[in-house]
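Worksheet for the structure shown next.
The numbers here are math on the coordinates, done by the rules we state, and not lab data. No experiment lies behind these values; they were computed from the predicted model shown. Here the Cβ positions follow ideal geometry from the backbone for every residue, glycine too, while neighbour counts run over all protein chains shown.
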Amino acid sequence: MTKDQCTEGQKEEVLKQVPQQPPFRFIDRIVELSNEHIITERRFCEDEYFYAGHFPGDPVTPGVLLIETMAQAGLVALGLYLSSLENGKQRMRTLFVESTVEFLEIVAPGELVTVYGKKVFFRRNKLKTQVELKKENGQLAAHGLMAGVGVVIEN
């Protein structure tokens with residue numbers, strides 16, 4: 001672990017702060033987290049409710065959920081961590097501002113995906129990240145740029 005990477009305890013704390021929680025949290029585990037990048041994992045289980053209708057007999061993970069998976073890692077979790085370094089722990093929501101994503105491969109039911117998010121810039125709770133979503137076999141399934149802004153929630 002390099003000096004800018006956070007501890008296991010910090011990773012768990014960030015995961016608890018992510019406002020999306022099961023069944024709509026698409027981060028199973030934060031593998032790495034630093035002030036420059038994040039790596040997360042998510043297994044799309046074969047019994048997920050959406051596979052029954054997308055598509056019957058030939059299910060595929062919906063692209064919109066893959067975008068959500070990349071946003072939760074590259075914008076929400078990384079953004080919460082970066083904001084906590086500057087402002088301490090605060091309750092925040094991330095507003096999704098921009099996304100340019102290219103899909104290259106289908107993600108099938110049961111597959112483990114890994115999201116790699118790299119900070120492009122972070123200023124005044126505005127974050128832009130370069131994201132990649134890779135399949136368990138290492139194939140790049142999607143990549144792109146995402147941006148969002150963190151909004152503090154008053155108690």
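Across the stretch 14-51, the number of residues qualifying as free of Cβ contacts under 8 Å to residues at least 40 places away in the same chain and either on the phi > 0 side of the Ramachandran plot or outside any loop (DSSP other than H, G, I, E, B) (or both) comes to 6.
Does LYS119 meet the test of being at negative phi, among the charged types (D, E, K, R) and touching a residue at least 24 places away in the same chain (Cβ under 8 Å)?
On the way: at negative phi: yes; among the charged types (D, E, K, R): yes; touching a residue at least 24 places away in the same chain (Cβ under 8 Å): yes.
For LYS119, the condition - at negative phi, among the charged types (D, E, K, R) and touching a residue at least 24 places away in the same chain (Cβ under 8 Å) - is met.
Summed over the stretch 79-119, the residues that are surrounded by fewer than 14 Cβ atoms within 10 Å (Cβ to Cβ), hydrophobic (A, V, I, L, M, F, W, C) and touching a strand residue (DSSP E or B) at 6+ places or on another chain (Cβ under 9 Å) give a count of 3.
Among what's in the stretch 26-71 and is of a type in the set (Phe, Trp, Tyr) and out of contact with any Ser or Thr (no Cβ under 6 Å at 6 or more places or on another chain), pick the residue that is surrounded by the most Cβ atoms within 10 Å (Cβ to Cβ). Even if it seems obvious, please write down each step before you answer.
Residues of the stretch 26-71 of a type in the set (Phe, Trp, Tyr): 26, 44, 49-51, 55.
If we keep only those that are out of contact with any Ser or Thr (no Cβ under 6 Å at 6 or more places or on another chain) as well, we get 49-51, 55.
Values: TYR49: 8, PHE50: 14, TYR51: 20, PHE55: 10.
Among residues in the stretch 26-71 that are of a type in the set (Phe, Trp, Tyr) and out of contact with any Ser or Thr (no Cβ under 6 Å at 6 or more places or on another chain), the one surrounded by the most Cβ atoms within 10 Å (Cβ to Cβ) is TYR51.
Please enumerate the residues belonging to the stretch 29-61 that are charged (D, E, K, R) and closer than 24 Å to LEU95 by Cβ. Passing the criteria: GLU36, ARG42.
Got a number for residues in the stretch 60-113 being charged (D, E, K, R), more than 30 Å from GLY9 (Cβ to Cβ) and part of a loop (DSSP other than H, G, I, E, B)? So the count comes out to 1.
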